[in-house]
Amino acid sequence: MSPFLFSSGPIETASLRAALTDPSCGGFASFEGWVRDHNEGARVQRLEYEAYEPLAVREGEKIVAEALARFGVNRAACVHRLGALHIGEVAVWVGVSSAHRDEAFRACRYIIDEIKHRLPIWKKEHYLNGDSGWVNCERCAAAPQEHAHTHG
């Protein structure tokens with residue numbers, strides 16, 4: 001399994017988790033980002049994700065490699081959906097297995113924060129009132145605060 005993938009269909013979390021199983025690991029942490037029914041006061045009907053895939057895959061693989069090296073975890077992976085998604089669907093999944101839980105939690109958080117910050121992925125929201133719009137993700141583009149003190 002590649003460390004970072006895009007999927008045009010539903011993300012099968014059980015098989016992804018199974019792929020990260022390692023008998024030397026005592027901990028597993030995961031994050032699932034779900035499509036919610038609202039954003040900033042507007043009722044959301046569905047989302048669409050687009051990406052510049054060649055760059056996003058390279059950078060996504062780099063982020064997972066960074067997490068493996070930085071936190072000393074054994075295995076890690078991330079899958080992000082593209083295309084149309086409905087309320088409740090998994091938009092992004094991150095999984096990490098490691099010898100201990102702390103490293104797994106920290107690596108998982110690092111991966112999702114960096115994916116949101118560094119990858120060329122765009123989200124279009126479709127609202128119940130018939131409007132739609134590309135989400136202006138200025139807060140996503142800000143450097144993750146939790147990691148600012150650990151860089152260099």
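The values are calculated or read from the model by the stated rules, or taken from the named source; none is laboratory data. Just so it is clear, the model here is predicted, and its values are computed rather than measured. So basically every Cβ, Gly included, is an ideal-geometry build from the backbone, and we count neighbours across all protein chains shown. For accessibility, only protein heavy atoms count, side chains too; no ligands or nucleic acids. Shrake-Rupley method; radii C 1.70, N 1.55, O 1.52, S 1.80 Å.
Points worth noting:
- For the stretch 35-70, the set of residues classified as part of a strand (DSSP E or B), of a type outside the set (S, T, N, Q) and farther than 14 Å from PHE6 by Cβ consists of HIS38, ALA42, ARG43, VAL44, ARG46, LEU47, listed by residue number.
- Every pair of residues 6+ apart whose Cβ atoms lie under 6 Å, when the first sits in the stretch 4-29 and is touching a residue at least 60 places away in the same chain (Cβ under 8 Å) and open to solvent by 70 Å² or more (accessible area, probe 1.4 Å) while the second is not small (Gly, Ala, Ser) and not in a strand (DSSP E or B): SER8/LEU82
- Qualifying residue in the stretch 81-91 (condition: under 12 Å from the mean Cα position of the chain (by Cα), surrounded by 19 or more Cβ atoms within 10 Å (Cβ to Cβ) and closer than 17 Å to TYR110 by Cα): no
- Scanning the stretch 1-34 for residues that are within 15 Å of the chain's Cα centre (by Cα) and assigned to a loop (DSSP other than H, G, I, E, B) yields a count of 6.
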